[in-house]
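Written out below as structure tokens is the structure these notes cover.
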Amino acid sequence: MKKIQLLILFIILSSISNRLSAQQLPLYSQYMFNPYMVNSAICGTTEENQLKLNYRDQFSGFGNGSYNMQAFGIDPTPKTISLSYYRGFHDRWSAGIYLFQDQILPIKNLGFQATIAYRFPLLNNLNMSLAISPTFNSLSFDNTIIQPNNPADELVDPTFVGDLEKSSNIDVNFGIYFFNDRFDFGFSVANLAESEYIGIPSIEPSTNDDFTNDRIQHYLLHSSYNFQFDWASSWAMVPSFLIKSTKVTDPQVDLNLKLIYMDFFWIGSSWRTSDNAIVPMCGINAQFFFLGYSYDISTSPLASHYAGSHSITLGIYFNNKKDYRNVRKRNRFFENRSGPLYWYPDWL
């Protein structure tokens with residue numbers, strides 16, 4: 001029964017959206033509000049300590065017309081909640097934590113990550129950060145949600161009816177990050193050790209390839225640049241991209257664009273090539289807090305059956321008691337810099 005449920009788990013996750021195929025990380029559009037989710041080397045690279053809470057309701061309204069869903073009070077829409085905090089405690093050292101819960105129907109994925117990062121000046125106007133992050137994941141399958149039409153079916157194991165199955169995994173993530181006040185470029189690898197889930201047996205089909213329950217390495221490449229429109233500290237434009245890939249999937253590309261006013265209010269949009277989704281977003285970046293909202297508009301065949309996906313992020317900024325070096329400044333407009341990585345377009 002465990003093997004059947006494990007297969008059901010991957011079938012459900014893969015059929016809901018193309019972008020979830022073979023992806024084990026809950027990375028959605030909210031990484032635009034919290035890039036620490038993408039690359040742990042970003043830990044401590046800002047001049048303030050950051051606490052961020054995110055909630056995402058995916059495929060809102062999906063299944064509302066289902067009698068079975070309403071009768072049993074089951075919400076079929078995936079929901080993700082995450083909490084992260086990082087702080088610098090030296091000119092070069094910083095630490096952070098990241099927790100998340102990703103749930104869809106009976107499947108719940110809980111994760112924890114602890115980060116230690118080291119940053120240093122690489123060039124005259126370019127810094128580098130390296131991070132290592134041990135991780136812990138717990139995967140559970142709640143059989144109490146499953147209501148078989150025929151309890152006498154031979155595929156239904158009465159041993160697991162009403163039971164909660166769990167498995168766990170310990171792995172490690174690695175990140176590298178190049179940055180200054182306007183430019184950044186990073187690369188990270190999640191599930192570096194590709195360790196196996198404890199408590200779930202591997203399946204050996206008749207083919208030569210074994211189906212194992214190992215974590216899969218995820219590769220993430222990202223970059224952005226802050227173009228300021230004028231020297232009056234008013235408007236800026238930030239194009240960025242994120243490329244996600246694994247050893248068993250094709251690369252998935254996110255193209256993003258943000259327009260920022262006075263480093264306070266911003267609007268933007270993202271295009272995910274994996275599922276042809278357009279994601280408008282907006283946010284407020286005040287002195288001590290951050291608030292961001294995004295709405296996913298999908299063009300997939302499933303789009304007519306749900307009202308979209310909502311994501312909201314709340315952040316709190318804590319000033320460091322010491323003015324640590326080798327960090328990105330909050331307001332990048334007030335300092336005139338020079339060098340090839342601070343290029344200013346004359347035509348604007």
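The values are calculated or read from the model by the stated rules, or taken from the named source; none is laboratory data. Quick caveat: nothing in here was measured; it's all calculated off a predicted structure. We place every Cβ from the backbone using ideal geometry, glycine too, and count neighbours over all the protein chains shown.
Residue-wise test of (1) more than 18 Å from D181 (Cβ to Cβ); (2) modelled with pLDDT of 85 or more.
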residue	(1), (2)
W235	no, yes
N276	yes, no
C282	yes, yes
S311	yes, yes
K329	no, no
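The residues on offer are S224, S195, S202, and the sole one that is of a type outside the set (V, I, T) and at pLDDT 90 or above is S224.
Of all the residues in segment 75-104, those that are under 20 Å from the mean Cα position of the chain (by Cα) and either of a type in the set (F, W, Y) or farther than 30 Å from L130 by Cβ (or both) number 9.
The number of residues in segment 263-285 being surrounded by 13 or more Cβ atoms within 10 Å (Cβ to Cβ) and over 22 Å from H310 (Cβ atoms) comes to 1. Can you tell me which residues in segment 286-309 are at pLDDT below 70 and either buried (at least 17 other Cβ atoms within 10 Å of the Cβ) or within 23 Å of the chain's Cα centre (by Cα) (or both)? Within segment 286-309, S300, L302, A303, Y306, A307 qualify.
The set of residues in segment 261-278 being of a type outside the set (D, E) and under 20 Å from K52 (Cα atoms) consists of F264, F265, W266, I267, G268. Only one of the listed residues (D346, D323) is over 21 Å from N49 (Cβ atoms), part of a loop (DSSP other than H, G, I, E, B), at pLDDT below 75 and not hydrophobic (A, V, I, L, M, F, W, C). That residue is D346. So is S245 touching a His at 6+ places or on another chain (Cβ under 9 Å), at pLDDT below 95 and assigned to a strand (DSSP E or B) or not? In short, yes. The residue of segment 128-144 that is modelled with the highest pLDDT, among those that are surrounded by 12 or more Cβ atoms within 10 Å (Cβ to Cβ) and over 24 Å from the mean Cα position of the chain (by Cα), is D142. Among the residues of segment 250-262, those identified as under 22 Å from S223 (Cβ atoms) and surrounded by fewer than 19 Cβ atoms within 10 Å (Cβ to Cβ) are D250, P251, V253, L255, L257, L259. Annotation note: of F112, F100, F120, the sole residue that is aromatic (F, W, Y) and free of Cβ contacts under 8 Å to residues at least 40 places away in the same chain is F112.
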